[in-house]
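Please read the structure below before turning to the comments.
Every number here is computed from the coordinates shown, using simple stated rules; none is lab data. Since we're looking at a predicted model, the values are computed, not measured. Note that we place each Cβ from the backbone using ideal geometry, even for glycine, and neighbour counts take in every protein chain shown.
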Amino acid sequence: MSNQAQRCRLYLITPPALPHPQVFAQELRAALDGGDVAVLQLRLKDVSDDAIARAADILRPICQQRDVSLIMNDRPDLALKLDCDGVHVGQEDTPYAEARRILGPDRIVGVTCKASRHLAMEAAEAGADYVAFGAFFSSSTKTVTTPAALDILEWWDEMMTVPSVAIGGITADNCRPVVEAGADFLAVANGVWGHPGGPTEAVRAFNKIFDELAR
């Protein structure tokens, strides 16, 4: 997960209610046809491990073909079992140290830090591959419990080399100030899957802005 010489990149998150994985696979391919995407996070709540495994087995080859990292949400055990590139853990999930122990040194472990500089510093010092800040806008996918201000991204960009991921209600229409504040990656769900012009057009629109604002 390099930040490609300070050019922001997309970090896609699957919809909260995934259509049949084969159907979603077509949406994913359409999104990737729109331009550069760094990551796909498989985020499925309240479904069986078998359902997660089926989705991962269908989406993994697509990600590998397109050089997109496949990240499992919350579950380092499944990330290892299903040969994902890494895991994303929240503050209420598996602790970073435990996730790292399960996955070893070579897979990605990213940590939600909400709007906390302290949590972000702790995660970076422990060895996290990225820290996620947010929510920056109201989200249709997740209830916002901790609004974040853009200055946390500016502070992080000046202080640290560990990449930052901005999350929470981000769309191609509102992302410019988040990119300008120094986010290395934008985590987006509905801003791509719910885009009125479709996922290809959404990814194309994000990448056009990233190119314009590349530092």
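What does the charge add up to near Leu59, with Lys and Arg as +1, Asp and Glu as -1, over the other residues with Cβ less than 13 Å from its Cβ?
Taking every other residue near Leu59 into account, the sum is +1.
Just to be sure I understand: if I project the alpha-carbon convex hull of the chain onto a plane and average over all orientations, what area do I get in nm²?
Average projection, Cα convex hull of the chain: 10.5 nm².
Count charges around Cys84 for me, please; just the other residues with Cβ under 10 Å from its Cβ, Lys/Arg as +1, Asp/Glu as -1.
+2
Given the Cα-Cα distance of Asn174 and Asp211 and 0.36 nm per residue of separation, how much length would full extension add, in nm?
Between Asn174 and Asp211, full extension yields an extra 11.7 nm.
Kindly provide the helix-only [θ] at 222 nm of the chain, computed as the sum of -39,500 (n - 2.57) over DSSP H runs of four or more divided by all residues, to the nearest 500 deg cm²/dmol?
Only helices count here, giving -11500 deg cm²/dmol.
What is the order of Asp77, Asp85, Asp50, Asp184, fewest Cβ neighbours within 10 Å to most?
In increasing order of surrounding Cβ atoms, one gets Asp50, Asp77, Asp85, Asp184.
Each residue of the range 70-77 in order: what ³J(HN,Hα) in whole Hz does its phi give by Karplus 6.51 cos²θ - 1.76 cosθ + 1.60, θ = phi - 60°, with x for Gly and Pro?
Result, rounded to whole Hz: 9, 10, 8, 7, 6, 10, x, 5.
Return the tail of the calculated pair distribution for the range 1-79, meaning the percent of Cα-Cα pairs more than 15 Å apart.
54 percent
Would you mind calculating the relative contact order of the range 9-213 from Cα pairs under 8 angstrom and at least 6 residues apart, reporting the percent as a whole number?
Worked out over the range 9-213, it gives 22 percent.
Could you work out the local net charge near Glu201, counting Lys and Arg as +1, Asp and Glu as -1, over the other residues with Cβ closer than 11 Å to its Cβ?
Result for the local shell: +1.
Kindly put Ile58, Ile13, Ile71 in sequence by how many other C-beta atoms sit within 10 Å of each C-beta, fewest to most.
Ascending Cβ contact count within 10 Å gives the list Ile58, Ile13, Ile71.
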